[in-house]
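Data block below; observations after.
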Amino acid sequence: MKRHMRMSAAVAALAGVSLLATACAGGAGGAGDTAPTDEKSGTTASETGRVAISYPGGIAVLDPETLEVVDEFETEEFTRLNPFGDGRTIAVTTSAGFQMLDTAEPALTDALFEATAAGHVVIHGENTVLFDDGTGTTTIVPTDGFADGYDALPETTTYSADAPHHGVSIVLEDGSLLTTVGDETSRTGATALHAHDDHWDEAAVNAECPGIHGEGTAAEEAVIFGCENGALLFKDEAFTKLAAPDAYGRMGNAFVSETSPIVVGDYKNDPDAEGYLLNAVTLIDTAAETLDVVELPAEVQYTFRDIARGPGDLAYILSTDGQIHVLDPETGELTESYPVIEAWEGPTQWQDAHPAIKVDGDIAYITEPAANSVHAVDLTTGEIIASVELDHTPNEIAVAIG
């Protein structure tokens, strides 16, 4: 099967583009003159790895060490945040598309990849891939595309799915494009495509993954997608369906380490359950091609925002009891617990502010909406090393990883 592809040298997003998201100019609170400098980007070490926090109508950029607010910007009432992969850029999803937040300057720039319904952002290898749910368009962007600034958008490659759907795409090291298949009413699986001049050739396809959602890349570039009845594995240029133990056994989010073959996924086996709290995880061994479900203790409940991988390839679960529970993916055992925030309840809607965890190296960044606070935790000791109380209620969080 052939698919159409187009290459485009995109021009700068014009300041006159009608955006609901409006940037507030503000002074940058940078590091001292003696901080080490990244020769490629010209930014200092303390300007990379900065933390972005969304709140109703705005975004705050925080220093990763002190959590002090460096700057704030006005935007839409609800935005989503995703790292772009270059150590300084955050992709902000707005009603206009994917808008670039430069956390080093900092500035909410005019660089915008237009989208009718901006969705997933996936970083892998040398590419960052954007998916527009409203059109089914995949946009492949070089992750270092903003190394020379944000005055112009970098050259991109695009792929258009047969129908719009809530999808996700990833580009592998060999240039293969893995992308979901679906339409506005259902999602069925995924396809692997190879680029040839002005078209894409279909190399593999699998339609055994109803409700396909989310992705993650484990060791040896094994890719996992979540299904409503298990997971879909892609490795060695072929798809393999891994069945859940329940007729309805939904995994929708994969938490991975590229140095571990084991994927930790969320898990839900009751399609009629109310709320967003979960009490079990999936452990997918991509080498052995197995999927196991681990029931957690009753007090350990979480949402899609509350699992991250960190030191030692372990998984860290921010639970409703206010603790980070450390899960060993090799054994499925909880090995330690660190109290961090007050106990909390699950959200009524998924967009509602509730605690979240993001990890950069040994440090976990935790939001605590009930206290308008953000905390930095050393995952090797469980020690809270910094905290800040904001003037707003934090919702989403992203770290400018590189």
Q: Scan region 338-353 for residues that are under 19 Å from Ser387 (Cα atoms) and not β-branched (Val, Ile, Thr) and report the count.
A: 6
**Q.** Given (1) in a loop (DSSP other than H, G, I, E, B); (2) in contact with a strand residue (DSSP E or B) (Cβ under 6 Å, 6 or more places away or on another chain); (3) within 30 Å of Gly125 (Cβ to Cβ), index of the condition Lys358 fails
**A.** (1)
Q. Within region 376-402, how many residues turn out to be closer than 23 Å to Glu336 by Cα, touching a strand residue (DSSP E or B) at 6+ places or on another chain (Cβ under 9 Å) and either among the hydroxyl-bearing types (Ser, Thr, Tyr) or surrounded by fewer than 20 Cβ atoms within 10 Å (Cβ to Cβ) (or both)?
A. 8
(Q) Take the conditions touching a residue at least 12 places away in the same chain (Cβ under 8 Å), closer than 22 Å to Leu242 by Cβ and in contact with a strand residue (DSSP E or B) (Cβ under 7 Å, 6 or more places away or on another chain) and apply them to Val300. Does it pass? (A) no
Q. Among (1) of a type in the set (Asp, Glu); (2) in a loop (DSSP other than H, G, I, E, B); (3) surrounded by 14 or more Cβ atoms within 10 Å (Cβ to Cβ), where does Glu336 come up short?
A. (2)
Q: Could you tell me whether any residue of region 49-60 is at pLDDT below 95 and closer than 19 Å to Ile363 by Cβ?
A: yes
(Q) Tell me the residue from Ala104, Ala111, Ala117, Ala91 that is modelled with pLDDT of 95 or more and either surrounded by fewer than 20 Cβ atoms within 10 Å (Cβ to Cβ) or aromatic (Phe, Trp, Tyr) (or both), please. (A) Ala117
Q: Please determine, by comparing only the residues of region 217-243 that are at positive phi and touching a Lys or Arg at 6+ places or on another chain (Cβ under 9 Å), which one is most open to solvent (accessible area, probe 1.4 Å).
A: Glu220
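Quick test for you: out of Asp110, Asp133, pick the one residue that is in contact with a Pro (Cβ under 8 Å, 6 or more places away or on another chain), farther than 15 Å from Ile401 by Cβ and of a type in the set (D, E, K, R). Explain how you work it out, then say what you get.
Values: Asp110 fails: in contact with a Pro (Cβ under 8 Å, 6 or more places away or on another chain).
Exactly one residue qualifies, and that residue is Asp133.
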Q.
Could you list, ordered by first residue, the pairs with Cβ atoms under 8 Å in which the first is in region 171-194 and among the acidic types (Asp, Glu) and the second is assigned to a loop (DSSP other than H, G, I, E, B), at least 6 apart or interchain?
A. Glu173/Gly125; Asp183/Asp162; Asp183/Ala163; Asp183/Pro164; Asp183/His165; Glu184/Ala163; Glu184/Pro164; Glu184/His165
**Q.** Search result, residues across region 352-366 that are open to solvent by 70 Å² or more (accessible area, probe 1.4 Å) and more than 15 Å from the chain's Cα centre (by Cα)
**A.** Asp362
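Going residue by residue through region 155-174, is there one that turns out to be farther than 22 Å from Ala204 by Cα and among the acidic types (Asp, Glu)?
From region 155-174, those farther than 22 Å from Ala204 by Cα are 155-156; that's our starting set.
Narrowing the set further to residues that are among the acidic types (Asp, Glu) leaves 155.
The answer is yes; a qualifying residue exists.
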Q: Considering only region 245-292, state which residues are crowded, with 20+ Cβ neighbours inside 10 Å and among the small types (Gly, Ala, Ser).
A: Gly249, Ala254, Ser257, Ser260, Gly265
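The values are calculated or read from the model by the stated rules, or taken from the named source; none is laboratory data. Just so it is clear, the structure is predicted and the values come from calculations on it, not from any experiment. Note that each Cβ is placed from the backbone with ideal geometry, even for glycine, and that neighbours are counted across all protein chains shown. To get the accessible areas, we keep the full protein, side chains included, count just its heavy atoms, and leave off ligands, DNA and RNA. Shrake-Rupley method; radii C 1.70, N 1.55, O 1.52, S 1.80 Å.
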